[in-house]
1. Please go through the range 91-144 and pick out each residue that is charged (D, E, K, R) and away from the ligand (no atom under 16 Å from the Cβ).
2. Identify the single condition in (1) at pLDDT below 95; (2) in contact with a Lys or Arg (Cβ under 7 Å, 6 or more places away or on another chain) that D351 does not satisfy, given that it satisfies every other one.
3. Give just the number: which of (1) surrounded by fewer than 17 Cβ atoms within 10 Å (Cβ to Cβ); (2) touching a helix residue (DSSP H, G or I) at 6+ places or on another chain (Cβ under 9 Å) does L237 not satisfy?
4. Any residue at all in the range 51-70 that's within 16 Å of the ligand (Cβ to nearest atom) and on the phi > 0 side of the Ramachandran plot?
5. Among the listed residues T35, T26, which satisfies the condition of being within 13 Å of the ligand (Cβ to nearest atom) and touching a residue at least 24 places away in the same chain (Cβ under 8 Å)?
6. So, in the range 272-322, how many residues would count as being outside any loop (DSSP other than H, G, I, E, B) and within 16 Å of the ligand (Cβ to nearest atom)?
7. Go through the residues of the range 352-373 one by one and say whether even a single one is surrounded by fewer than 22 Cβ atoms within 10 Å (Cβ to Cβ), under 20 Å from P83 (Cβ atoms) and acidic (D, E).
8. Go through (1) on the phi < 0 side of the Ramachandran plot; (2) more than 23 Å from the chain's Cα centre (by Cα) one by one and return the number of the condition R208 breaks.
Amino acid sequence: MTQFTDFGLAEPILRALAEEKYETPTPIQSQTIPTALAGRDVIGIAQTGTGKTAAFALPILHHLTTKRLRPEKKSCRVLVLSPTRELSGQISDSFRAYGRHIKPLAVALAIGGVPINRQVRSLAHGVEVLVATPGRLLDLVNQRAVTLNQVEVLVLDEADRMLDMGFIHDIKRVVAMLRKERQTLFFSATMPQEITKLADSMLNDPVRVAVTPQASTVDRIAQRVIHTEKSAKPALLIDVLKSETTDRVLVFTRTKHGADKVVKGLEKNGFLSAAIHGNKSQNQRERVLADFKSGKLRILIATDIAARGIDVDGVSHVINYDLPNVPESYVHRIGRTARAGADGIAISFCDQEEGVFLRDIERMIRITIPASGERQPHKPAVRNSGNRGQGGRPQQNGGGRNQGRGNGGGGGNGRPGQNGHRSHGGGNGGQNHGRPNHQAGHQNGHAQASRQDTSSGEPNDIGTVTFLQRSGEPRRNAGHRTR
Ligand code: AMP
């Protein structure tokens with residue numbers, strides 16, 4: 001097996017990696033690092049959580065140590081574009097961590113939502129690495145705070161998200177300012193046609209590296225849906241929080257207003273939570289995220305956009321308070337809980353209007369999400385909700401943990417087979433009984449299906465992927481699902 005020492009990385013980098021306790025490169029790292037060190041352009045198809053940041057940061061840092069140049073004033077040698085402030089912050093933190101023994105190494109962060117002046121100052125003397133969101137970068141360019149014609153390496157991270165978020169024109173404008181002789185490292189979780197086109201226009205004879213389709217993340221998560229009346233959702237959330245053993249809970253709402261309402265509702269019932277969304281200041285968002293990461297805050301309410309790029313390990317539960325109308329968002333949301341290699345639990349509340357979203361999601365992930373704990377309105381409920389033909393089931397506890405219901409692959413009745421599968425949200429790997437339990441036969445079918453389904457934009461080459469925890473080793477090879 002490859003070791004980090006096999007790549008020929010400079011000693012200060014290896015020292016930092018040892019301190020970070022990184023022992024074995026992840027699949028995306030094993031594939032990307034030698035290629036990037038050789039100076040080639042790379043298209044990496046990988047999700048966040050696979051170690052892709054180090055996959056591009058390490059060869060870049062090596063390049064900076066071996067080709068020592070003083071950056072010119074108001075310029076950067078490496079430009080990393082990322083779609084969100086949070087992700088950008090994490091990337092710059094990673095460069096600082098892996099590059100902590102490289103001196104000098106100036107890493108600047110240019111993100112919106114915070115005053116620009118400090119960023120202007122940080123670029124005045126030139127920097128080795130600039131990590132930026134596209135909008136703020138262009139503002140800085142327009143203010144002549146930075147010029148981009150010295151960029152030796154460009155990284156485009158989460159290209160598909162960039163596209164979703166409407167950054168495509170900004171990216172094209174930025175790329176037009178760069179010199180042609182540069183190295184470009186391009187990462188995306190999915191490769192729909194538009195992304196392929198964008199990559200073609202930016203890359204020079206790239207080497208393509210890919211790890212796993214998104215589907216395998218889904219397979220590791222115990223998913224269930226609770227059919228409910230809209231009006232019963234606040235009480236249902238309380239029930240779930242009371243009945244589940246949770247470590248960190250990420251609750252998704254569709255709107256910012258909805259997120260704030262959930263926070264208030266929880267507060268009334270004695271649950272401390274906080275929301276992050278676009279209306280919050282950068283400082284507030286950072287504070288809330290730090291509290292969530294440290295465990296001070298156990299319940300975080302987020303909208304899809306705000307949650308992008310959140311890198312928090314140990315999320316035991318994702319609760320979809322509202323179902324997303326874009327099926328891919330569902331995958332991104334629930335993927336937050338499996339990222340540290342642990343299996344996670346994803347519970348979705350589905351009201352009648354959302355039934356159509358649920359169908360779209362199930363079609364995309366090719367899994368029928370088991371239903372449990374159907375929830376009637378708060379009044380005496382004799383009404384048959386009739387949802388999905390399962391009306392009239394006895395009302396169950398939404399959580400249902402530890403009720404000894406089967407968790408095996410049998411089921412097939414749409415009932416919550418996976419309840420109680422994990423005694424504690426922090427359960428550490430290796431517990432096979434903790435696997436999500438959609439019907440066993442389903443998984444192969446799923447893999448098969450996702451291979452055929454090119455329209456979903458998922459990569460077809462199925463590799464393996466290792467999801468990681470921040471300070472540990474690669475913990476689980478999700479590629480075990482299909483061979
Ligand atoms: P990323 O996909 O870049 O967001 O990385 C996910 C997590 O994995 C981060 O918390 C990294 O610190 C961690 N990580 C990255 N590479 C390794 C490695 N080779 N060994 C252990 N942890 C790693």
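The values are calculated or read from the model by the stated rules, or taken from the named source; none is laboratory data. This structure is a prediction, so every number in the text was calculated from the model and none was measured. Methodologically, a virtual Cβ is constructed for each residue, glycine included, from the backbone with ideal geometry; neighbour enumeration extends over all protein chains shown.
1. Correct list: K103, R118, R121, E128, R136, D139, R144.
2. Every condition holds for D351 apart from (1).
3. (1)
4. yes
5. T26
6. So the answer is 6.
7. Among the residues of the range 352-373, not one is surrounded by fewer than 22 Cβ atoms within 10 Å (Cβ to Cβ), under 20 Å from P83 (Cβ atoms) and acidic (D, E), which makes the answer no.
8. (2)
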